[in-house]
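The values are calculated or read from the model by the stated rules, or taken from the named source; none is laboratory data. Owing to the predicted nature of the structure, the values given are computational and were not obtained by experimental measurement. As a convention, Cβ positions derive from the backbone with ideal geometry for all residues, glycine included, and neighbour counts pool all protein chains shown. To get the accessible areas, we keep the full protein, side chains included, count just its heavy atoms, and leave off ligands, DNA and RNA. Shrake-Rupley method; radii C 1.70, N 1.55, O 1.52, S 1.80 Å.
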Amino acid sequence: MTTDRTSEDLVALLEAGEGPGLAFARERARPDELAETLAAFANGHGGTLVLGVAGRARAKLEGLADPQGARELLLEAALACTPPLVLPMPHLARVGNATLLIATVPAGLSQVYALHGKYLRREGATNQPLGPDALRRLLTERGEVSWERGVPEGASLDELDPARIAAYARRVGPGAEEDQWGLLYRRGCVVQRVASTAHTGADLVPRSPDAAFAPTNAGLLLFARRVEARYPQAEITLVHYRGRDMADVFEREDVRDTLVEAVRRAERWLMEHMRKGSRMVGLERQDWTQFPPGAVREALVNAVAHRDYSVRGEGIRVALFSDRLEVYSPGRLPGHVTVENIVEERYSRNECLVQVLADHGLIERLGYGIDRMLRQMEEAGLPPPRFRETAAGFLVTLTGQPLEGIGPDGLDTREWARMGLNERQIAAMLYLAEQHRITNRDLQEQYPEVSPETIRRDLADLVERGLLLKVGDKRATYYIAK
């Protein structure tokens, strides 16, 4: 757990005082007090809990004397909720001389949370009990059974890969390596087989984990030695078609691995198979890819993180065409999310999977990344992604860089064409980009049917346009980029 410098946003947050999405707590707050606020945020639209602050309307900074103890207190409070609340790892921040601990409850959770049988929701700056009608509406809205937290019949910890668990714990940070089973428990990747007495911190892990824990569906998808043994539907099928339509000739790869590795392997495969090249902006050469790499990753990760894994017999399908990329995931949109509100709304069908993918840096925990995908496509000068719900799944389509104006070496010549350069002049610029200098004879060899005078005028025009610089005289003349 590292200490981050305080941002202006945090200072502004504290000055705003408590509200529907913000709560303060002192370091010595009781776990149940913190759990009430966490559950209230989770049953609403999420929120931020700042530990080390007193006051409501106005924040009074007290700071933390024991940051590690405060962290364990927050994690204990999250586990006290029913079902246990999966949170991003709390992080430290400083305001002046005060050290604070920030815990974020994501928006769009798919479960309804209780504390000792009591259901709360955040109203203004307080946690209020949910009345029968409000609770009924919330249960109807979020009524999906949490498949990822279920334990498949006969599952044991022997099915998990210790090396993968250890690597994940190292990535999460200090303390996680010594408490690996506790980390997996807090992430919903294992559950307790039998009820036990209250525990916190290292007490969570008994001497014999096999006797106390069982892996959940989420834990097996993320850390199993052989994911395909239990979940053949978890594969990603990648297909590359040369043209704009499906054809009998194609390249195919079936990826069967833990979800983290599956995303990485699929991303590498797509980067190897999509078109790449360079474009000339004036005389500056800029690299491009058929699709923005970030948008491709978002489409892949969203499909893996939010698909319905209870749907068997069908995996994620990714089709790469000459003009587009299609990513299909089984299962229709979850909860209240629709194609029309997908940019604004948040709902996480698989919150445990999402959090572990976020810990690996593959996904943004507090959103689906749809807005980021839109921005990346816009910055690349491409149309926005298209979203479509099918009878049994969800399809995302990315439009790629057009084929027109792409040379055999992948160099994009459209900018030169827009400037009015003719075919011979564009050929001269392409030659110059590779060889760094060009002569009349070099261009004449490419166009033997064109007169030397025409070739001379072509190159002279490029000099007048400020694209080339003429060096030498008569037979020793050559041209370079200006």
Looking at (1) open to solvent by less than 40 Å² (accessible area, probe 1.4 Å); (2) touching a Lys or Arg at 6+ places or on another chain (Cβ under 8 Å), find the lone condition where R94 falls short. (1)
Restricting to segment 137-180, give me the number of residues that are within 24 Å of L109 (Cβ to Cβ), at pLDDT below 95 and either aromatic (F, W, Y) or open to solvent by 30 Å² or more (accessible area, probe 1.4 Å) (or both). 12
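Kindly evaluate S322 against the criterion of being among the hydroxyl-bearing types (S, T, Y) and either in contact with a helix residue (DSSP H, G or I) (Cβ under 6 Å, 6 or more places away or on another chain) or crowded, with 17+ Cβ neighbours inside 10 Å (or both).
Values: among the hydroxyl-bearing types (S, T, Y): yes; either in contact with a helix residue (DSSP H, G or I) (Cβ under 6 Å, 6 or more places away or on another chain) or crowded, with 17+ Cβ neighbours inside 10 Å (or both): no.
Here the answer is no, as S322 does not meet what is asked.
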Considering residues that are closer than 18 Å to E415 by Cα and exposed (fewer than 15 other Cβ atoms within 10 Å of the Cβ), the number found within segment 426-482 is 6
Taking segment 189-212, which residues are at pLDDT 90 or above, open to solvent by less than 40 Å² (accessible area, probe 1.4 Å) and either more than 27 Å from D179 (Cα to Cα) or not in a loop (DSSP other than H, G, I, E, B) (or both)? V190
Just checking, does segment 28-36 include any residue being surrounded by fewer than 21 Cβ atoms within 10 Å (Cβ to Cβ), farther than 30 Å from L138 by Cα and either touching an Asp or Glu at 6+ places or on another chain (Cβ under 8 Å) or at pLDDT 90 or above (or both)? yes
Selection within segment 393-425 - open to solvent by 70 Å² or more (accessible area, probe 1.4 Å) and at pLDDT 80 or above: E423
For segment 92-112: of the residues being at pLDDT 85 or above and of a type in the set (S, T, Y), which is nearest to K60 (Cα to Cα)? T99
Within segment 97-184, which strands (runs of 3 or more DSSP E) (wholly inside it) include 2 or more residues that are under 30 Å from P20 (Cβ atoms) and in contact with a helix residue (DSSP H, G or I) (Cβ under 7 Å, 6 or more places away or on another chain)? 98-105, 118-123
Looking only at segment 325-367, and only at residues there that are within 16 Å of F394 (Cα to Cα) and not in a loop (DSSP other than H, G, I, E, B), the one that is modelled with the lowest pLDDT: S348
Test result for T104, loosely packed, with under 13 Cβ neighbours inside 10 Å and either aliphatic (A, V, I, L, M) or closer than 29 Å to I363 by Cβ (or both): no
Selection count, segment 50-61, where residues are of a type outside the set (G, A, S) and buried (at least 19 other Cβ atoms within 10 Å of the Cβ): 3
Count of segment 293-314 residues which are closer than 25 Å to D245 by Cβ and buried (at least 22 other Cβ atoms within 10 Å of the Cβ): 5
Taking segment 62-86 and keeping residues open to solvent by 10 Å² or more (accessible area, probe 1.4 Å), under 30 Å from R349 (Cα atoms) and not hydroxyl-bearing (S, T, Y) leaves R71, E72, L73, L75, E76, L79, A80, P83, P84
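Of the residues that make up segment 435-456, is at least one assigned to a loop (DSSP other than H, G, I, E, B) and among the acidic types (D, E)?
Step one: filter segment 435-456 for residues assigned to a loop (DSSP other than H, G, I, E, B), giving 436-437, 439, 447-451.
Checking which are among the acidic types (D, E) leaves us with 449.
So far as segment 435-456 goes, yes, one or more of its residues are assigned to a loop (DSSP other than H, G, I, E, B) and among the acidic types (D, E).
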